[in-house]
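The values are calculated or read from the model by the stated rules, or taken from the named source; none is laboratory data. Worth saying up front: this structure is predicted, and the values here are computed from it rather than measured. Cβ placement follows ideal geometry from the backbone for every residue including glycine, while neighbour counts extend to all protein chains displayed.
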Amino acid sequence: MRHFESLHQFSVNEITDLLQLADKLKSGYRPLMGQTFAVNLFFEPSTRTKSSFVMAEHKLGMEVLDFQAETSSVKKGETLYDTAKTMEAIGANMLVIRHADDNWMEELSGRLTIPVINAGSGKTEHPTQGLLDLLTIYQEFGTFRGLKIAICGDIIHSRVAHSNAQALKRMGATVYLCAAPGFEDDSLPYPYITIDEAVDECDVIMLLRIQHERHEGHWHIAYYLQDFGMTKDRESRMKNHAIIMHPAPVNRGVEIDSDLVECKRSRIFKQMENGVYARMAIITKMMEEWGMYHAPAFKKYQITANKGTVANM
């Protein structure tokens with residue numbers, strides 16, 4: 001794993017290993033690293049992803065260099081490559097990058113000698129969010145096989161949908177998409193169902209934010225919740241064991257009734273908690289492969305469904 005670009009680059013076994021390592025880290029395991037420096041290059045707004053990377057890096061004992069795009073030389077016309085190369089030159093050991101360009105990794109490919117983690121690329125990929133979502137589902141059910149999972153919302157603009165759908169299918173889940181007219185993405189080869197079919201049939205409802213900033217003009221949302229969102233009535237019809245997920249930020253009263261954000265079924269804040277440990281797992285495995293430290297990253301551990309605990313296998 002030279003860089004963490006996409007969940008597509010990993011086998012099912014490799015993804016499972018990362019999930020097991022994340023759960024081990026959640027239970028208190030900490031690898032020993034020497035002094036290492038991380039730089040988080042975020043060129044788009046972020047609360048959860050950036051903060052959880054900072055927390056993950058600190059928990060692993062890394063030094064975090066400050067970077068603010070709005071006060072950097074990017075404002076003077078500096079390219080992404082030159083910014084990244086500068087950080088490498090001054091001693092950074094790892095870069096975490098979010099950028100609006102769908103293909104920003106191509107600009108850096110083969111040109112850096114430190115690992116890079118994709119923290120979001122345009123509308124196409126959000127692999128670390130995908131891993132934490134997989135971890136949340138795996139902790140809940142102990143498996144992906146036999147699960148029916150509906151990804152519902154602004155599919156065409158969602159890098160979460162693009163990362164998660166393929167990974168979930170490879171892990172053994174049946175994936176459905178659900179979208180308002182104009183929010184579909186025909187490039188994704190998964191069947192579309194209605195929100196009412198989803199709540200009646202699926203084990204996981206994964207809601208997505210309407211991305212106002214990616215729409216041209218104003219998309220009228222006055223009736224979105226009633227027609228396409230998670231209302232209290234729809235939540236009451238879900239299977240007893242079914243859960244609600246959302247990568248956040250949440251448009252309360254749009255994708256989901258505000259009272260349901262922290263309801264018994266909701267795993268929204270658990271996803272955020274898991275984000276720290278999923279990102280710690282990615283960093284730990286990458287640092288090991290790059291020789292930043294030499295202890296094995298993990299042994300085989302088994303996740304106990306519904307508890308998120310681990311046991312030796």
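Listing for the model above:
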quantity	calculated
Tabulated pairs, the stretch 106-119, first over 20 Å from E288 (Cα atoms), second surrounded by fewer than 17 Cβ atoms within 10 Å (Cβ to Cβ) and acidic (D, E), C-beta under 8 angstrom, 6+ apart or interchain	E107/D101
Condition check for S187: crowded, with 24+ Cβ neighbours inside 10 Å and either modelled with pLDDT under 95 or farther than 26 Å from L225 by Cβ (or both)	no
Number of the exception - H8 against (1) assigned to a helix (DSSP H, G or I); (2) of a type outside the set (S, T, N, Q); (3) at pLDDT 95 or above; (4) in contact with an Asp or Glu (Cβ under 9 Å, 6 or more places away or on another chain)	(3)
Qualifying residues in the stretch 117-140 (those that are of a type in the set (V, I, T) and not in a strand (DSSP E or B)) - the one nearest to F10 (Cα to Cα)	T128
Considering residues of the stretch 234-268 that are among the basic types (K, R) and under 25 Å from S46 (Cα atoms) only, the residue modelled with the highest pLDDT	R267
Those residues of the stretch 263-286 which are farther than 14 Å from L134 by Cα and of a type in the set (A, V, I, L, M), in sequence order	M280, I283, M286
Residue list for the stretch 141-187, restricted to those being in a helix (DSSP H, G or I), of a type in the set (D, E, K, R) and either in contact (Cβ under 8 Å) with a residue 24 or more places away in the chain or in contact with a His (Cβ under 8 Å, 6 or more places away or on another chain) (or both)	R159, R170
Residue within the stretch 107-116 that is touching a Ser or Thr at 6+ places or on another chain (Cβ under 7 Å) and either part of a helix (DSSP H, G or I) or under 22 Å from S52 (Cα atoms) (or both) present	no
